[in-house]
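Trainee: Dropping the structure in here first, questions after.
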């Protein structure tokens with residue numbers, strides 16, 4: 001291959017590469033929106049309501065005494081990195097993620113929460129948390145058209161907690177003002193593998 005042909009071939013490859021990159025970028029789902037963290041919006045430094053109790057995260061973690069002077073603590077922490085998407089139709093990227101909470105026993109509860117990027121108050125508003133289950137196996141989370149989808153595995157209703165979660169469940173969540181709600185009519189259950197890999 002002479003120099004001229006080499007140059008033409010190289011330009012051709014570059015054009016194809018740019019074209020493929022453009023197509024992929026156009027097809028990126030909403031959950032790939034970049035979460036712009038700053039002094040006014042940080043999902044991991046916000047207050048959420050879990051079981052009617054205010055829990056304030058600092059860098060995605062809260063470690064509070066069950067009662068003053070107690071050695072037992074309620075540990076709340078992020079399970080996955082926040083997923084970005086506009087959840088209230090204001091054109092600004094909000095965030096959703098899963099929190100785990102443990103108070104020293106064998107149970108570990110998983111919750112879905114949303115951090116609203118409020119353009120009026122210019123601050124992060126944490127929502128109420130919705131329970132997914134105890135010692136479940138989360139798979140992934142996504143946001144599309146303002147709807148949060150969470151896929152995870154749980155046990156059958158009659159199975160003991162020592163059983164590995166094997167029932168695939170898909171749940172959908174939406175914002176109603178500043179309140180997080182589940183879209184119960186779209187919940188799906190299927191038999192699935194027992195993988196507990198964090199895919200988020």
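Trainee: Among the numbered conditions (1) more than 21 Å from residue 183 (Cα to Cα); (2) within 16 Å of the chain's Cα centre (by Cα); (3) in a loop (DSSP other than H, G, I, E, B), tell me where residue 91 comes up short.
Mentor: (2)
This table checks each residue for (1) under 14 Å from the mean Cα position of the chain (by Cα); (2) in a strand (DSSP E or B); (3) free of Cβ contacts under 8 Å to residues at least 60 places away in the same chain.
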{"residue": "45", "(1), (2), (3)": "no, no, no"}
{"residue": "49", "(1), (2), (3)": "no, yes, no"}
{"residue": "64", "(1), (2), (3)": "no, yes, yes"}
{"residue": "67", "(1), (2), (3)": "no, no, yes"}
{"residue": "70", "(1), (2), (3)": "no, no, yes"}
{"residue": "74", "(1), (2), (3)": "no, yes, yes"}
{"residue": "80", "(1), (2), (3)": "yes, no, no"}
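Trainee: Then there's this: Which residue, of 153, 115, is farther than 18 Å from residue 180 by Cβ, at pLDDT 95 or above and assigned to a strand (DSSP E or B)?
Mentor: Values: 115 fails: farther than 18 Å from residue 180 by Cβ.
Exactly one residue qualifies, and that residue is 153.
Trainee: Moving to a separate point now. Loosely packed, with under 14 Cβ neighbours inside 10 Å, modelled with pLDDT under 95 and within 21 Å of residue 108 (Cα to Cα): which single residue out of 159, 188 fits that description? Before the answer, list the steps.
Mentor: Numbers: 188 fails: within 21 Å of residue 108 (Cα to Cα).
Just one listed residue meets the conditions, 159.
Trainee: Within the set of pairs 6 or more residues apart or between chains, which connect a residue that is on the phi > 0 side of the Ramachandran plot and touching a residue at least 40 places away in the same chain (Cβ under 8 Å) inside segment 92-118 to a residue that is part of a strand (DSSP E or B) and surrounded by fewer than 17 Cβ atoms within 10 Å (Cβ to Cβ) with Cβ atoms less than 6 Å apart?
Mentor: Cβ pairs passing all conditions: none.
The values are calculated or read from the model by the stated rules, or taken from the named source; none is laboratory data. Bear in mind the structure is a predicted one, so any value in this text is a computation, not a measurement. Cβ sites come from the backbone with ideal geometry, for glycine too, and all protein chains shown count toward neighbours.
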